[in-house]
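Chemist: Please find one structure pasted underneath; my questions will follow.
The values are calculated or read from the model by the stated rules, or taken from the named source; none is laboratory data. Nothing here was measured: the structure is a model prediction, and the numbers come from that model. Positions of Cβ are generated from backbone atoms using ideal geometry, with glycine treated the same way; all protein chains shown enter the neighbour counts. Keep in mind that these areas ignore ligands, DNA and RNA; they rest on the heavy atoms of the full protein, side chains included. Shrake-Rupley method; radii C 1.70, N 1.55, O 1.52, S 1.80 Å.
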Amino acid sequence: MKRRYLDYILALVVILSLNFFLPRLMPGDPLTAIYGDALLDMSPELQAQLAERYGLEGTLGEQFITYVTNLLRGDLGYSYYFGAPVTEVILEALPWTLLLVGSSLLISTFIGVLIGIESGWRHGGRLDSFLIVAVMFLNGIPSFFMGILLLLFLSFQLHLFPLSGAVTPFSGYTGMALVMDILRHLFLPCLALTLVQIPRNFLLMRNSMIGVIRTPYILTAQGKGLKERVIQYRHAARGALLPIITRLGMSIGLLFTGVLFIETVFAYPGTGYIFYLALGKHDFPMVQGTLFFITLFVLAANFLTDVISAKIDPRLREHAYQLLDRT
Amino acid sequence: MLDINNLKVTFDTRMGEVNVLNQVSLKIAPGERVGIIGESGSGKTTLALSIMGLVQGQVQGSIKYRGEELLDKREEDWEKIRSKKISMVFQNTGEMLNPVYTLLDQVMEPYLKVNPGKKKEAFNRASNLLKKVGLREDHFYAYPFTLSGGEVQRGLIAMALINDPELLILDEPTSALDALTRAELIRLLDEIAQNKTILVISHDLSTVIKLTRRTAVLYAGSIMETGPTESLLREPKHPYSRALVRAYPTRTTVKDLQGIRGEFPSLVEPPSGCPFHPRCTQALEKCSQEKPCLVEAEEGALACHRGGIITLLRGENLVRRFPRQGKEGKEIYFNAVDGAGVTLKEGEILALVGESGSGKTTLAHILAGINQPTEGKVYFQDREIYSLKGREKKDLRRRLQILFQNPQEAVSHRMMVHDLVEEPLEIQGIGDKETRVQGVKEALGLVGLPGDSFFLHKYPHELSGGELQRVTIARALVMKPKVLIADEPSASLDASVQAKMLKLLMHLQNEQGFALFLITHDLALAGKVGDRVAVMFLGKIVEEGPTSEVFRFPLHPYTELLLDMAPSLEREVPSLRRTVKLKEEEGKGCPYYAHCPYSTELCSREEPPLKEKGFQRVACHRAAALEKKNNNNSYYKEIKKVL
């Protein structure tokens, strides 16, 4: 496991360095890279102030130290579009994204895995053929289009759900009413994201199941006189789950970018929406800050995946690693 | 208990329908121990899976378990049969245990399914069984991938036993295990089998003979032979069974290993008729047209149109008397061959050993049909050869070929290689000039000689001894004989050329499928080449039997002596001192009496007849004494103690 920690620390250092060096490696000075044309409109005093703020004074080594210390203090710079420190803006948007990403991730994984198990267990059967067609159809729809469709039918025409936002503004809801309001706003973006996520989970789980079904230990389980359900879930699905969990970590990263479209379509005030706004306004500190946060989340998610995988599959535990290395 | 009737299993594949099992019928009585042997691909595992209701293909026929038809069962019914009534230990092909659960959990699982909630009981039973199969407590909580192959196999056996089934199917329980682990497992399974019915499927004959009492031989989905395991494996009746046994090395195997000639047949387009006929050395036209039925025979059953391995050549009570000049010009007679009998079976190598002057060559000439015996008869496929005339006699000459002792003397030095090899074809009037030349080239190719014009036009004196010997072999093979009698084919050759010559002969015997009667004075050589060995002394066969048996447990004092004097790389000078005793009456009693260290008074009076003893035949009054001596051999005793 020690080796794993080291891997993560290394990855973090590389990302931090990239974040530091990339703007400085670009042609011209970093401020131009960060602010672009906006810099020309600034007074020399302001430019100097900005240079100081970004630690652009002194040698490259000194600058790096300033950059790292700023990071450690949680200072990612100042967003001139939002008129607030980047960290503050992100921390405000983050809970919404987490709620959206978390809920859709849970639901889509659960459904995808479940139908994947059933489909894979009886692959080639009727249910399987139907599910494959249905899921492939679903897979062909991009997330933002799905969002627009849902918005059009369920909100605009049937008025079942609100059109945008995460809460009804100035409603003064509290307690249960507030929760219901949040859920009502959450439903559509979450559904859109979930529907888009299901095919990947389904296809992976189905494939993984088909692979596991052919392993000898399933034959052993059958020979033991166990019930079919027991073989299907306790013996086959448990082993087949591993790739899903590995993928979960990766899909979190994908979700944070995928959520960008959905949040934009539904004007949902999460990091994706902020990112979209900042990008449009060339608010580079904001963009860099958001990307940095997403990176941190992806790393954290991957780490968590590793821990969970080891819990589920004893082969991946530390002593097993050595065993595998030897063979 | 189990009654399989006309079981047929087919799979639909991309290549077409595959017939894995074909009209397989097998009965297993309660408490019986039955084995199934056969090459891989013969359908052994499919048979077992059919009994467990786990086979994927289409199943026809009937499998009755205690009168209940198993093939009609639905999946829910199977849950109540598997593990509780019939349990199977699958062949361990890796990953037989789920890698994400501990061994103990998996062993307990079937018990908990039958007795839900009884965790304590399940634990006790599982841990007792795991201990019984020889696992330690630290194995219980281990994940399967941290266990060795032998440990997993033990775990699987414990798992199969947890619900105390009546019928236990063991699929290759010992394959891929080292000898010691295998021995331990065999003992364990033997113990378990005491109060169970077991069906053992294996290509490991040593496991089958130890665990089972009755065995069926499966080939390409058909049962070829059934019978008591021991006699089936020691004296197989079906050519396939014999080929299977011949390919299996044991500790006592002395003969070089030989695979089964030809390739395993395709199951998509199985051979017509008997599935074994393309590889069989005694196949007739009928064998390729009609599938033989499994017919009850003696203690077992046999599926062969020819009634099993046939006897090709049989000599009975052969005597050959020669005149010899005696004292004062008087003519006296002596018997070079004196009452010897020999049988040569289809596709086997029989080695005849004995010191010079024992009558080996005379016997060979008698059997080859070129020296009429004074008494006795020689049969080739049940026809007495010396009474044959005309066409039939010519035919016999073609199918019965002999290699003479000295190749230099066996060829005309005025003929070129081509003429030497072609001559028999010409005499027999086979083919026209062109096909004959082709035949000559083929025969030369078989013995590894060039068929170019340069070589074909060489004279015998231009060839080396080894080359000339090969030419004589080619001359015999050009006739495609059924029997080849080889009289000391390698006596004049150095060890290396001799090795090549005998390897060639064995290879040709296996590929061409003729029977070889090899005469040699070298017992070590006989052991390397012969399936069976016959020992000749003063014109009589004194001992005969499977090579491995004769070499391990010689029953005749003369064989023992020959074995002791066989070539070895030991520095010790042989301390051979033949005792010479005088008999009271000349011409009576055992011929070996004069030299025998074990002789009794009986030996001087009565000549011992050739009697069966186990799988050997021996002509000795004192064979029992020698047998006892063999059994007391401390070396074998120690091994038995360890296992």
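Chemist: In this structure, is residue B:514 in contact with a strand residue (DSSP E or B) (Cβ under 9 Å, 6 or more places away or on another chain) and more than 19 Å from residue B:405 (Cβ to Cβ)?
Modeler: The answer is yes for residue B:514.
Chemist: Still on this structure, I have one more. Quick one: in segment B:312-336, which of the residues that are polar (S, T, N, Q) and within 42 Å of the chain's Cα centre (by Cα) is surrounded by the fewest Cβ atoms within 10 Å (Cβ to Cβ)?
Modeler: Filtering first and then ranking leaves B:317.
Chemist: For the subset of segment B:10-39 comprising residues that are more than 29 Å from the chain's Cα centre (by Cα) and in a strand (DSSP E or B), which member is nearest to residue B:265 (Cα to Cα)?
Modeler: Per the criteria, the residue is B:18.
Chemist: Here's something else I'd like to know. In the list A:313, A:306, which residue meets the criterion of being within 12 Å of another protein chain (Cβ to nearest Cβ), more than 30 Å from residue B:165 (Cα to Cα), out of contact with any Cys (no Cβ under 6 Å at 6 or more places or on another chain) and in contact (Cβ under 8 Å) with a residue 12 or more places away in the chain?
Modeler: A:313
Chemist: Same structure, new question: Among the residues of segment A:245-254, is any within 22 Å of residue B:145 (Cα to Cα) and either of a type in the set (A, V, I, L, M) or more than 10 Å from chain B (Cβ to nearest Cβ) (or both)?
Modeler: yes
Chemist: Follow-up. Would you be able to tell me the number of residues in segment B:113-164 that are of a type in the set (A, V, I, L, M, F, W, C) and more than 24 Å from residue B:78 (Cβ to Cβ)?
Modeler: Selection size over segment B:113-164: 9.
Chemist: Quickly run through segment A:223-240 and pick out the residues that are open to solvent by less than 50 Å² (accessible area, probe 1.4 Å) and at pLDDT 85 or above.
Modeler: The answer is A:223, A:224, A:225, A:226, A:230, A:231, A:232, A:235, A:236, A:237, A:240.
Chemist: Right, something else. Suppose we keep only residues that are part of a helix (DSSP H, G or I) and more than 14 Å from chain A (Cβ to nearest Cβ) within segment B:106-128. Which one would you say is nearest to residue B:189 (Cα to Cα)?
Modeler: B:128
Chemist: With respect to residue A:155, determine if the residue is more than 14 Å from chain B (Cβ to nearest Cβ), on the phi < 0 side of the Ramachandran plot, part of a helix (DSSP H, G or I) and of a type outside the set (Asp, Glu).
Modeler: Spelling it out, residue A:155 is indeed more than 14 Å from chain B (Cβ to nearest Cβ), on the phi < 0 side of the Ramachandran plot, part of a helix (DSSP H, G or I) and of a type outside the set (Asp, Glu).
Chemist: Suppose we keep only residues that are touching a residue at least 40 places away in the same chain (Cβ under 8 Å) and open to solvent by less than 70 Å² (accessible area, probe 1.4 Å) within segment B:444-462. Which one would you say is farthest from the chain's Cα centre (by Cα)?
Modeler: Across segment B:444-462, the extreme among qualifying residues is B:458.
Chemist: Residue pairs, Cβ under 8 Å, 6 or more apart or interchain, first in segment B:114-130 and open to solvent by 70 Å² or more (accessible area, probe 1.4 Å), second at pLDDT below 90. List them.
Modeler: B:121/B:115
Chemist: If you check B:508, B:569, B:561, which single one turns out to be farther than 22 Å from residue B:359 by Cα and more than 19 Å from the chain's Cα centre (by Cα)? Reasoning before the result, please.
Modeler: Numbers: B:508 fails: more than 19 Å from the chain's Cα centre (by Cα); B:561 fails: farther than 22 Å from residue B:359 by Cα.
After ruling out the rest, the residue left standing is B:569.
Chemist: If you take the residues of segment B:56-105 that are away from chain A (no Cβ under 14 Å) and in a loop (DSSP other than H, G, I, E, B), which of them is surrounded by the fewest Cβ atoms within 10 Å (Cβ to Cβ)?
Modeler: B:67
Chemist: Ok, one more. Provide a single number: the residues in segment A:254-279 that are open to solvent by less than 40 Å² (accessible area, probe 1.4 Å) and not in a helix (DSSP H, G or I).
Modeler: Total meeting the criteria: 4.
Chemist: Of everything in segment B:40-52, what is at the interface with chain A (Cβ under 9 Å from one of its Cβ atoms) and not in a helix (DSSP H, G or I)? Give them in sequence order.
Modeler: As a first pass, look at segment B:40-52 and keep what is at the interface with chain A (Cβ under 9 Å from one of its Cβ atoms): B:49, B:52.
Within segment B:40-52, B:52 is the sole residue that qualifies.
Chemist: Between a residue in segment A:210-232 that is within 8 Å of chain B (Cβ to nearest Cβ) and any residue that is of a type in the set (D, E, K, R) and surrounded by fewer than 18 Cβ atoms within 10 Å (Cβ to Cβ), which pairs come within a Cβ distance under 6 Å, given they are 6 or more apart or on different chains?
Modeler: Here the result reads A:215/B:95; A:216/B:95; A:217/B:95, each pair linking segment A:210-232 to a residue that is of a type in the set (D, E, K, R) and surrounded by fewer than 18 Cβ atoms within 10 Å (Cβ to Cβ).
Chemist: Give the residues of segment B:187-214 that are touching a Lys or Arg at 6+ places or on another chain (Cβ under 6 Å), surrounded by fewer than 20 Cβ atoms within 10 Å (Cβ to Cβ) and at pLDDT 90 or above, sorted by residue number.
Modeler: Correct list: B:213 only.
Chemist: So which residues in segment B:366-388 are in contact (Cβ under 8 Å) with a residue 12 or more places away in the chain and part of a helix (DSSP H, G or I), if there are any at all?
Modeler: Result: B:366, B:367, B:385, B:386.
Chemist: When segment A:145-164 is examined, which residues are found to be surrounded by 13 or more Cβ atoms within 10 Å (Cβ to Cβ) and not hydrophobic (A, V, I, L, M, F, W, C)?
Modeler: Those that are surrounded by 13 or more Cβ atoms within 10 Å (Cβ to Cβ) and not hydrophobic (A, V, I, L, M, F, W, C): A:147, A:155, A:162, A:164.
Chemist: Report, by residue number, each residue of segment B:229-247 that is more than 8 Å from the chain's Cα centre (by Cα) and in contact (Cβ under 8 Å) with a residue 40 or more places away in the chain.
Modeler: B:229, B:231, B:232, B:237, B:238, B:239, B:240
Chemist: Follow-up question, since we're still on this one. Looking at segment A:271-299, which of its residues are within 12 Å of the chain's Cα centre (by Cα) and more than 16 Å from residue A:71 (Cβ to Cβ)?
Modeler: Residues of segment A:271-299 within 12 Å of the chain's Cα centre (by Cα): A:271-272, A:291, A:293-299.
Hits for segment A:271-299 are A:271, A:272, A:298.
Chemist: A further question follows. Looking at segment B:501-509, can you tell me whether even one residue there is among the charged types (D, E, K, R), over 28 Å from residue B:282 (Cα atoms) and surrounded by fewer than 21 Cβ atoms within 10 Å (Cβ to Cβ)?
Modeler: No, there is no match, as no residue in segment B:501-509 is among the charged types (D, E, K, R), over 28 Å from residue B:282 (Cα atoms) and surrounded by fewer than 21 Cβ atoms within 10 Å (Cβ to Cβ).
Chemist: Only one of these is open to solvent by 40 Å² or more (accessible area, probe 1.4 Å) and not hydroxyl-bearing (Ser, Thr, Tyr): B:255, B:291. Name it.
Modeler: After applying the criteria, what remains is B:291.
Chemist: Before we move on, is residue B:176 more than 13 Å from every other protein chain (Cβ to nearest Cβ), touching a helix residue (DSSP H, G or I) at 6+ places or on another chain (Cβ under 9 Å) and on the phi > 0 side of the Ramachandran plot?
Modeler: Yes; evaluated as a whole, the condition is true for this residue.
Chemist: Now for a different question. Taking the conditions exactly as written (closer than 25 Å to residue A:128 by Cβ, part of a loop (DSSP other than H, G, I, E, B), assigned by TED's automatic domain parsing to the domain that holds residue A:303 and over 16 Å from the mean Cα position of the chain (by Cα)), does residue A:226 satisfy them or not?
Modeler: yes
Chemist: Any residue at all in segment A:176-199 that's touching a residue at least 24 places away in the same chain (Cβ under 8 Å), within 30 Å of residue B:83 (Cα to Cα), more than 14 Å from every other protein chain (Cβ to nearest Cβ) and open to solvent by less than 50 Å² (accessible area, probe 1.4 Å)?
Modeler: No - not one qualifying residue is present in segment A:176-199.
Chemist: Right, next: Output the residues belonging to segment B:129-151 that are small (Gly, Ala, Ser) and within 14 Å of chain A (Cβ to nearest Cβ).
Modeler: Selection gives B:142, B:148, B:149.
Chemist: Could we say that residue B:177 is modelled with pLDDT under 90 and either surrounded by 19 or more Cβ atoms within 10 Å (Cβ to Cβ) or assigned to a strand (DSSP E or B) (or both) here? Break it down stepwise before answering.
Modeler: Details: modelled with pLDDT under 90: yes; either surrounded by 19 or more Cβ atoms within 10 Å (Cβ to Cβ) or assigned to a strand (DSSP E or B) (or both): yes.
So residue B:177 fits the description; yes.
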